[in-house]
Amino acid sequence: MENQQGAKKKFYKKWWFWGLVIVVLMVIGASNSPSSEKVGSGGVADTSSQPSAQTTYKVGDQIKLGDSVITVNSVSYSQGGQFTSPSAGNKWVDLNITIQNTSSSQQYVTTLGQMFVRDAQGNSYQISSTDKTITDINNRLDGAIIANSKRTGWVGFEVPKNATGLQFQYNGSMWGGGTVLVDLGK
């Protein structure tokens with residue numbers, strides 16, 4: 001009985017050890033996030049650019065991030081139509097986006113967890129139903145993109161009318177898959 005009370009737990013059976021293992025794995029995962037790289041503009045390949053995690057791209061740039069190529073094709077602003085409109089003091093920002101899957105396996109895209117618009121003050125805005133996203137429900141980005149193919153659709157956001165410095169933020173994954181920033185020109 002004395003041996004059982006005096007015996008210490010092995011270090012790998014203690015809670016602090018596993019907590020440390022989880023923290024180390026998270027740090028390693030964050031450091032392995034792919035950097036983004038401009039690979040084209042307006043459909044023309046550009047191999048001269050250097051990858052940079054801090055680069056802000058322009059509308060029309062083709063941006064490689066991991067196994068995806070993201071392109072913000074166009075930006076439009078709206079005050080709504082006859083049946084729907086943004087809240088008072090706001091406007092809608094609609095982005096036409098193409099995501100190309102360059103891998104040999106299927107990828108999943110979710111606008112809710114991967115796409116945001118942010119302004120110069122650091123405010124972040126999630127997706128919103130806008131006139132463009134409501135009129136054609138089949139023209140959305142959410143869902144599977146089969147191997148070696150692409151998907152194009154509209155994503156809408158509701159932002160204050162006076163918001164400036166708008167940028168589209170695409171997160172390659174909800175678990176540290178890298179980030180792309182695209183200047184929306186407003």
Taking loop as defined by DSSP and a crowding limit of 14 other beta carbons within 10 Å, which trypsin sites (Lys or Arg not before Pro) in the range 105-180 fit? LYS161
From the phi angles alone, apply the Karplus equation (6.51, -1.76, 1.60; θ = phi - 60°) to the range 107-124 and give each ³J(HN,Hα) in whole Hz, x where the residue is Gly or Pro. 10, 10, 10, 10, 5, 5, x, 10, 10, 9, 10, 10, 10, 5, 8, x, 6, 10
Ordered by fewest other Cβ atoms within 10 Å, a rough proxy for footprinting exposure, PHE17, PHE157 read PHE17, PHE157
Residue-by-residue Karplus 3J(HN,Hα) for the range 71-80, coefficients 6.51, -1.76, 1.60, Hz, glycine and proline x: 9, 8, 6, 7, 10, 9, 10, 8, 9, x
What is the extension gain from ALA144 to LYS186, computed as 0.36 nm multiplied by their sequence separation minus the C-alpha to C-alpha distance, in nm to one decimal? 12.0 nm
Can you tell me the length gained on complete extension of the stretch TYR108 to GLN82, counting 0.36 nm per residue apart and subtracting the Cα distance? 6.0 nm
Note down the net charge around PRO160, summing +1 for each Lys or Arg and -1 for each Asp or Glu among other residues with Cβ under 11 Å from its Cβ. 0
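Read-outs throughout are calculated quantities, based only on the coordinates presented, and are distinct from any laboratory measurement. None of these values were measured; they are calculated from a predicted model. Cβ: placed from backbone, ideal geometry, glycine included. Neighbour counts: every protein chain shown.
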